[in-house]
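Asker: Below is the structure I would like to discuss, written out as structure tokens.
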Amino acid sequence: MSKNSKPNLVNAPNGYAGEGFFATKLNEVVGLARANSMWPLPFATSCCGIEYMATMAATYDIGRFGAERMSFSPRQADMLLVMGTISKKMAPILRQVYEQMAEPRWVIAVGACASSGGVFDTYSVLQGIDKVIPVDVYVPGCPPRPEQILDGILTLQEIVKSESVRRRSSDEYKELLNSYNIK
Ligand code: SF4
């Protein structure tokens, strides 16, 4: 935010307003609160992690989106950002970190390597983190610029806002985790 600009308030959720009242759905309120207070866990293994550092810094200022509170403990994070080449040896560690995160949790694959293995089509590199954990948003690029990373976070915010509070206990979600053999 430049020194002359004013802070923007997030838009109110959909609902009904009248004199002295505003009514909306629980889903909308919970979604709004979750989306604007994401706690990122940066899982950075190579160059894309540097772009994330730039995204955190003053020029791009990820704090404008309520996501500046980084956590290096999976138990206090709900947005896993995977940035960099993930070797097959590293895959079980990534999966363990994901499993240690409490629900609800979301995942962004930042850059070509995390999304698909990137240029490293080799025997040792995982060809996309979605081979071992579910992914919500893919950010393209090698490396993606900070604007693209912010765009990925904004896209995730839209997903979070529209997610039902019941989704995590739904059969579809259990099926998704089962397909990854995650309990
Ligand atoms: S996508 Fe490109 S910039 Fe990002 S980790 Fe892979 S090689 Fe590095």
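Any read-out appearing in this document is the output of simple, stated calculations on the displayed coordinates, not a laboratory observation. Only a predicted model underlies this, so the values are computations on that prediction, with no experimental measurement involved. As a convention, Cβ positions derive from the backbone with ideal geometry for all residues, glycine included, and neighbour counts pool all protein chains shown.
Asker: In the range 156-183, what residues are over 21 Å from LEU26 (Cα atoms) and of a type outside the set (Asp, Glu)?
Answerer: Listed by number, the residues that qualify are LYS174, LEU176, LEU177, ASN178, SER179, TYR180, ASN181, ILE182, LYS183.
Asker: Then there is this: Residues MET90, MET53, MET70: which one is surrounded by fewer than 17 Cβ atoms within 10 Å (Cβ to Cβ), more than 21 Å from ARG168 (Cα to Cα), of a type outside the set (Gly, Ala, Ser) and in contact with a Leu (Cβ under 9 Å, 6 or more places away or on another chain)? Can you show your working first?
Answerer: Values: MET90 fails: surrounded by fewer than 17 Cβ atoms within 10 Å (Cβ to Cβ); MET53 fails: in contact with a Leu (Cβ under 9 Å, 6 or more places away or on another chain).
One residue alone meets the criteria, MET70.
Asker: For the structure I just gave you, tell me whether VAL10 is away from the ligand (no atom under 16 Å from the Cβ), buried (at least 17 other Cβ atoms within 10 Å of the Cβ) and farther than 30 Å from GLY117 by Cα. Steps first, answer last, please.
Answerer: Details: away from the ligand (no atom under 16 Å from the Cβ): yes; buried (at least 17 other Cβ atoms within 10 Å of the Cβ): no; farther than 30 Å from GLY117 by Cα: yes.
No, not satisfied.
Asker: Also: Restricting to the range 55-75, name every residue that is touching a Phe, Trp or Tyr at 6+ places or on another chain (Cβ under 9 Å) and within 27 Å of ASN8 (Cβ to Cβ). So that I can check it myself, show each step before the final result.
Answerer: From the range 55-75, those touching a Phe, Trp or Tyr at 6+ places or on another chain (Cβ under 9 Å) are 62, 67, 69-71, 74; that's our starting set.
Listed by number, the residues that qualify are ILE62, ALA67, ARG69, MET70, SER71.
Asker: For the range 152-172, which positions are touching a Pro at 6+ places or on another chain (Cβ under 9 Å) and part of a helix (DSSP H, G or I)?
Answerer: Scanning the range 152-172 gives GLY152, ILE153, VAL160, LYS161, ARG167, ARG168.
Asker: Could I ask something else about it? If only one of ASP78, ASP130, ASP121, ASP136 is without any contact (Cβ under 8 Å) to a residue 60 or more places away in the chain, over 26 Å from ASN178 (Cα atoms) and either buried (at least 16 other Cβ atoms within 10 Å of the Cβ) or not basic (Lys, Arg) (or both), which one is it?
Answerer: Values: ASP78 fails: over 26 Å from ASN178 (Cα atoms); ASP130 fails: over 26 Å from ASN178 (Cα atoms); ASP136 fails: over 26 Å from ASN178 (Cα atoms).
Result: ASP121 is the single residue among ASP78, ASP130, ASP121, ASP136 that is without any contact (Cβ under 8 Å) to a residue 60 or more places away in the chain, over 26 Å from ASN178 (Cα atoms) and either buried (at least 16 other Cβ atoms within 10 Å of the Cβ) or not basic (Lys, Arg) (or both).
Asker: Kindly indicate whether SER116 is more than 27 Å from ALA33 (Cα to Cα), in contact (Cβ under 8 Å) with a residue 24 or more places away in the chain and of a type in the set (Ser, Thr, Tyr).
Answerer: On the way: more than 27 Å from ALA33 (Cα to Cα): yes; in contact (Cβ under 8 Å) with a residue 24 or more places away in the chain: no; of a type in the set (Ser, Thr, Tyr): yes.
So SER116 does not fit the description; no.
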